[in-house]
């Protein structure tokens, strides 16, 4: 008896489907603020989840994030969008209030003020179920239904840039602009500094191509009444409690 035919094409298309405008608006306006901030950093930078939640102060200089991607080891130099810079400044302010100086500690924090760890995935899924983009079990979704995964925020970033580039490849730099933003450069240059300068220059021009995904930074997500007064707990040599997941 022969095997059932695979349905790879539909799944392949779905894998690269970006977030829809309505779903993004729902996430940004209704999602918990500490989760929305992580999503926005991913959306505006096109970087993977592990790199986003691992973003540290010592990786940022003069508004530029020098990220060595955890999955590929590729170095990506990203001038940060004003929305991302506002999110980072908010986290910096919280640390200054708590008198925490830890440049190598990830900046984005959960509801307890601790850096996100592996528990982010569970918190992300729980929040999507809560606000509605996905059911509790993925088995409840129809085969061709959009699956609101975190990685598709990266896809959304690439799609927005690619659509803009497609209007005038000569003006906007063609597909190389998407490759530079996502760290998918295949060409190896003999001089690393020349490559870094080229990528940073291209990405600096790419940032203005991104639209505003939602509202002003002060209006994103659901606020807790006491969020502004949250404190980072000091313990041990690390200066903070180990990362814990919280929704």
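The values are calculated or read from the model by the stated rules, or taken from the named source; none is laboratory data. Quantities reported herein were computed from a predicted structural model and do not represent experimental measurements. No Cβ is skipped: glycine too gets one built from the backbone with ideal geometry, and neighbour counts run over all protein chains shown.
Annotations
- Checked across region 49-68, the condition of being at pLDDT 95 or above, part of a loop (DSSP other than H, G, I, E, B) and closer than 27 Å to residue 133 by Cα holds for at least one residue.
- Near pairs, Cβ below 6 angstrom, 6+ apart or cross-chain, from region 120-135 (under 14 Å from residue 39 (Cα atoms)) to any residue that is assigned to a helix (DSSP H, G or I) and modelled with pLDDT of 95 or more: 120/53; 127/35
- Just one of the listed residues (25, 68) is within 26 Å of residue 179 (Cα to Cα) and more than 14 Å from the chain's Cα centre (by Cα), namely 68.
- Yes/no for residue 185 being modelled with pLDDT of 70 or more, more than 30 Å from residue 112 (Cα to Cα) and surrounded by 12 or more Cβ atoms within 10 Å (Cβ to Cβ): no
- Among the residues making up region 127-146, those that are part of a loop (DSSP other than H, G, I, E, B) and either at positive phi or surrounded by fewer than 16 Cβ atoms within 10 Å (Cβ to Cβ) (or both) are 132, 135, 136, 137, 141, 142, 143, 144, 145.
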